[in-house]
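Visitor: A single structure is presented below for examination.
What follows is calculated from the coordinates using simple rules that are stated; it is not laboratory data. All values reported here derive from a predicted model rather than from experimental measurement. Here the Cβ is made from the backbone with ideal geometry for all residues, glycine too, and neighbour counts use every protein chain on show.
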Amino acid sequence: MKLHEYQAKELLGNWGIPVPVGYLATTPEEAAKAAQTIAGPPWVVKAQIHAGGRGKAGGVKVVQSPEEVVSVTGSLLGKPLKTKQTGPEGSVVNQVFIEEGVDIEREFYISMVIDRTTASPAMIFSQAGGTDIEETAAKSAGQIYRENIDPAVGWMDHNARNLLYSLDSLPPVESMRAFMSVMANVYKAFVNLDCSLLEINPLVLTKDGKVIAIDAKITIDDNALFRHKELLALDDPREKDPLELMANEYNLNYIRLNGNIGAMVNGAGLAMATMDVIKMAGAEPANFLDVGGSASEEMITRGVEIILKDSRVKAILINIFGGILRCDVLARGVVAAAKKTGIELPLIVRLEGTNVEAGREILNDSGLKFLVAKDLAEAAELVARQV
Amino acid sequence: MSILVDEKSRIVVQGITGKEGAFHTKQMLDYGTKVVAGVTPGKGGQKVEGVPVFNTVRQAVQKEGANVACIFVPPPFAADAVIDAAASGIEVIVCITEGIPVLDMVKVSGFLKGRDCVLIGPNCPGIISPGKTKVGIMPGFIHSQGPMAVISRSGTLTYEAVDQLTRVGLGQSTCIGIGGDPIVGTTFIDHLKRFKNDPDTEGVVLIGEIGGSAEEEAAEYIQREFNKPVIAFIAGQTAPPGRRMGHAGAIISGGQGKAEDKIKALQNAGITVAINLGVLGQTALKIMK
């Protein structure tokens, strides 16, 4: 689960990491009130959407008067903001965060992730803060320092020293303690909140020697949400595709893509591979849809309905390898969906595995027109013919 | 031969009284797997499909000599179940459970380090040595005994691969689903090392997907010291960056974990990569001839 910047900062503040004073505004009036409460000039107005790259897209503005706070807020709210991470239609700004301006001396990058290879949390630290860290990693990898933490021991001061004393030029002695405290608290927050990503970029050293998180990104591990009921309220469904939300309700794993061939598959790996097959046949997948290993007839029906709600879809490929999910169950679900929706698009079905004969019989006896493929290669050919 | 499990393996099913646990216990018994015990805390003394249920893994090991565990315990309790099995002396732990918090797996990995115990999964279909034993949820009937090993990060995609192998006449020695999570108990390399020394394994099909760098690491190992032919397939060539494609581990982030990089690494190591899933079986047949 992704969090908004203002939510991430509130959590960081709770965990002892200094953040600027700021208030959320959903109307220009609220923005005016925020500007009165926060000391300025300057003020910073920041669009709150989940996608990164807001600064370059005009979603972050530094302003010098309360009037400007209001006018910038008005110009951002309710309109889509297009960043390099949002896709072509952009993401609608429903709220802005108004913050005090900060006098920046130096910018740093700090983040914590799980290192898969060592199965341990790793902190990443760099003096190249405020920039695109992927770019820094590609251009000057030597400027990125990394420290793996032994989960049995937890964070130790030497971990912070290893990172800080790697810097080409050290921060002033007086602020070293502040850096060490931020690092220790980042680890604590990461572990206690079950984050899969915690990123502060930039973490700044101010002209008066303070260390403050200027921008923050937190992603919570979805699998750990069962033990963080307090975080569930932070979910913002407006940031998600409506079809994806609908799929979630039925425990279907659906991701909308840009093509026109709908796909329904059981199992994530096979679903990805099926998307690839569609692409190689010269078409583009409209979605990723994994109905899971043990889908019911109803889930299959819902899956087909969701695919059909996407008006760009010109044909549907159903690829099921029956293991636990039996082919006859799948076939009944597809037939039910086809009858219910009165589908007119070409429907290519490829079935294999448990009860495959029964499944094919149900399709044949339904009186509906299915293009039945005997294997994946043939399914690809049939897809290619629809393009 | 085969690796890790065979007809002598004695299985304890943790979470045997649950819907999935009970269903797959029957499936495993039907395949000929020796399921000797089940564990569900508080339900000791019951029987599932004739298999005695115990309250603890330790009791199942002491009373029935279980040495392989198959875990169907729900995500909040799964890390405990794995560590319990390891602490009770189980040698091979197969964790089917999907959705374990990644920080729980960090703990599990830390606990297992240095112990003489192999964890397969979590979030995996399990392991099967065709004709001998099946520990997991894969449909047994698509497999046949033979010279090919299969190692995969995915479930149904593995079934697809196995089915194609069987159809072209290439049976399997042992098939392992290592799991689709960011942190899994064993990697491609761990199992490649075992298959290297298994005289009955003549070739390996390696099925990877986007996310992480396990395939790149495997490519490097294979080039350095693996002496049997490897055929690979990578799922997710069309996956968009930043989106979790079903599996928690299948995400392209920060420009890393892309399918094309993995394919390139494998090809550079001299490994045949089937670009199109539809021809994986045929490709394997050509290489193995």
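Visitor: Considering only DSSP beta bridges with both partners in chain B, what is the antiparallel share in %, to the nearest 5?
Guide: 20 percent
Visitor: Another one. Once each part is reduced to its C-alpha centroid, what is the distance from the stretch B:212-277 to the stretch A:308-326 in angstrom?
Guide: Value for the Cα centre distance between the two parts: 26 Å.
Visitor: Please list, by residue number, everything in the stretch B:245-289 whose backbone N is under 12 Å from a paramagnetic label point 7 Å out along Cα→Cβ of A:Asp222.
Guide: Within reach of a label on A:Asp222, which here means backbone N under 12 Å from a point 7 Å along Cα→Cβ, the stretch B:245-289 contributes B:245-251.
Visitor: If R₀ is 45 angstrom, what is the calculated FRET efficiency for the pair A:Thr37 and B:Phe77, using the beta carbon separation as r and rounding to 0.05?
Guide: Between A:Thr37 and B:Phe77 the formula returns 0.45.
Visitor: Still on this structure, please answer the following. Give the aspartates and glutamates whose C-alpha is closer than 19 Å to that of B:Lys196, dropping any in the same chain fewer than 8 places away, or say none.
Guide: Straight-line reach from B:Lys196, under 19 Å: B:Asp6, B:Glu215, B:Glu216, B:Glu217, B:Glu220, B:Glu225.
Visitor: For a bin width of 10 Å, list the pair-distance distribution of the stretch A:240-386 built from all Cα-Cα distances, rounded to whole %.
Guide: Pair shares across the bins are 12, 49, 36, 3.
Visitor: Also, I was wondering about something else. Determine, for the stretch A:240-386, the count of lysine pairs separated by eight or more sequence positions (or lying on different chains) whose alpha-carbon distance falls under 22 Å.
Guide: Lysine pairs meeting the criterion: 13.
Visitor: So, counting K/R as plus one and D/E as minus one, what does the shell of residues with Cβ under 13 Å around A:Val69 add up to?
Guide: -3
Visitor: Right, something else. Viscosity 0.692 mPa s, temperature 37 °C: Stokes-Einstein D of the protein assembly as shown from its Kirkwood Cα radius, in µm² per second?
Guide: 123 µm²/s
Visitor: Can you work out D for the stretch B:138-289 in µm² s⁻¹ from Stokes-Einstein, where Rh is the Kirkwood radius over C-alpha pairs, the temperature is 25 °C and the viscosity is 0.890 mPa s?
Guide: 161 µm²/s
Visitor: Can you give the net charge of the other residues whose Cβ lies under 12 Å from the Cβ of B:Gln27, counting K and R as +1 and D and E as -1?
Guide: Cβ neighbours under 12 Å give a net charge of -1.
Visitor: Still on this structure, please answer the following. Take B:Gln282, project a point 7 Å from its Cα along the Cβ direction, then tell me which residues of the stretch A:361-387 have their backbone nitrogen under 13 Å from it.
Guide: Correct set: A:375-381.
Visitor: Given a cut-off of 32 Å, what percent of all Cα-Cα pairs of chain A lie beyond it?
Guide: Every Cα pair in chain A considered, those over 32 Å come to 48 percent.
Visitor: Please work out the FRET efficiency for the pair B:Asp6 and A:Leu232, using the Cβ-Cβ distance as r and a Förster radius of 60 Å; give the result to the nearest 0.05.
Guide: Calculated transfer efficiency: 0.85.
Visitor: Report the semi-axes of the equivalent ellipsoid for chain B in whole Å, largest first, where each axis is √(5λ) for an eigenvalue λ of the Cα gyration tensor.
Guide: Taking √(5λ) for each eigenvalue gives 31, 21, 16 Å, largest first.
Visitor: Okay, next question. Report the antiparallel proportion of the DSSP beta bridges in the protein assembly as shown as a percent, rounded to a multiple of 5.
Guide: 50 percent
Visitor: List the lysines whose alpha-carbon lies under 28 Å from that of B:Lys43, not counting same-chain residues fewer than 8 positions away?
Guide: B:Lys8, B:Lys19, B:Lys26, B:Lys34, B:Lys63, B:Lys107, B:Lys134
Visitor: Could I ask something else about it? Mind giving me the nanometre distance, one decimal, between the label points for A:Ser75 and A:Asn364, set 7 Å out from Cα along Cα→Cβ?
Guide: 6.7 nm
Visitor: For B:Ser144 and A:Arg146, what is the calculated FRET efficiency with R₀ set at 45 Å and r taken between the beta-carbons, to the nearest 0.05?
Guide: My answer for the efficiency is 0.45.
Visitor: Moving on to the next point. For the protein assembly as shown, what does -39500 (n - 2.57) per DSSP helix run (n ≥ 4), summed and divided by total residues, give at 222 nm, in deg cm²/dmol to the nearest 500?
Guide: Result for the protein assembly as shown: -10500 deg cm²/dmol, rounded to the nearest 500.
Visitor: Largest first and to the nearest Å, give the Cα extent of the stretch A:9-133 along each principal axis.
Guide: So the three principal-axis extents are 51, 35, 25 Å.
Visitor: Moving on to the next point. Would you please name the chymotrypsin sites (Phe, Trp or Tyr not before Pro) within the stretch A:127-206 that are DSSP coil residues with at most 14 other C-beta atoms within 10 Å of their C-beta?
Guide: Filter output for the stretch A:127-206: A:Tyr165.
Visitor: Using 26 Å as the Cα-Cα cut-off, could you pick out the over-long pairs in A:Lys2/A:Lys139; A:Lys46/A:Lys229; A:Lys2/A:Lys82?
Guide: Long pairs (Cα-Cα over 26 Å): A:Lys2/A:Lys139; A:Lys46/A:Lys229.
Visitor: A:Ser181 label point, 7 Å along Cα→Cβ, cut-off 16 Å on backbone N: hits in the stretch A:100-132?
Guide: Taking a point 7 Å out along Cα→Cβ of A:Ser181, no residue of the stretch A:100-132 has its backbone N under 16 Å.
Visitor: So between B:Arg167 and B:Glu260, what do we pick up on full extension, going 0.36 nm a residue minus the alpha carbon distance?
Guide: 30.7 nm
Visitor: If you don't mind, there's one more thing I want to ask. Report the label-to-label distance for A:His158 and A:Thr117 in nanometres (one decimal), using points 7 Å from each Cα along the Cα→Cβ vector.
Guide: 2.2 nm
Visitor: Straight distance only, please: which lysines reach the Cα of B:Lys113 with their own Cα at less than 20 Å, same-chain residues fewer than 8 apart left out?
Guide: B:Lys193
Visitor: Using Cβ contacts closer than 10 Å as the measure, can you line up A:Trp15, A:Trp43 from fewest to most?
Guide: Ordered by Cβ neighbours within 10 Å, fewest first: A:Trp15, A:Trp43.
Visitor: Just grab the label-to-label distance for A:Val372 and B:Glu220, each label 7 Å out from Cα along the Cβ direction, in nm (one decimal).
Guide: Those two pseudo-labels are separated by 4.9 nm.
Visitor: While we're here: Can you give me the Cα centroid spacing of the stretch B:90-160 and the stretch A:54-124 in angstrom?
Guide: For the stretch B:90-160 versus the stretch A:54-124, the Cα centre distance is 42 Å.
Visitor: How big is the antiparallel share of DSSP beta bridges in the stretch A:240-386, given as a percent to the nearest 5?
Guide: Restricted to the stretch A:240-386, the bridges split so that about 20 percent are antiparallel.
Visitor: Evaluate the Kirkwood expression for the hydrodynamic radius of the stretch B:157-239, namely the inverse of the mean inverse distance over all pairs of different C-alpha atoms, and round to one decimal in Å.
Guide: 13.6 Å
Visitor: Let me ask something else. Given the convex hull over the Cα atoms of the stretch B:4-150, what projected area results after averaging over all orientations, in nm²?
Guide: Taking the Cα atoms of the stretch B:4-150, their convex hull projects to 8.3 nm² on average.
Visitor: Using 0.36 nm times the number of residues separating A:Thr27 and A:Glu10, minus their current alpha carbon distance, what extension gain do you get?
Guide: 4.1 nm
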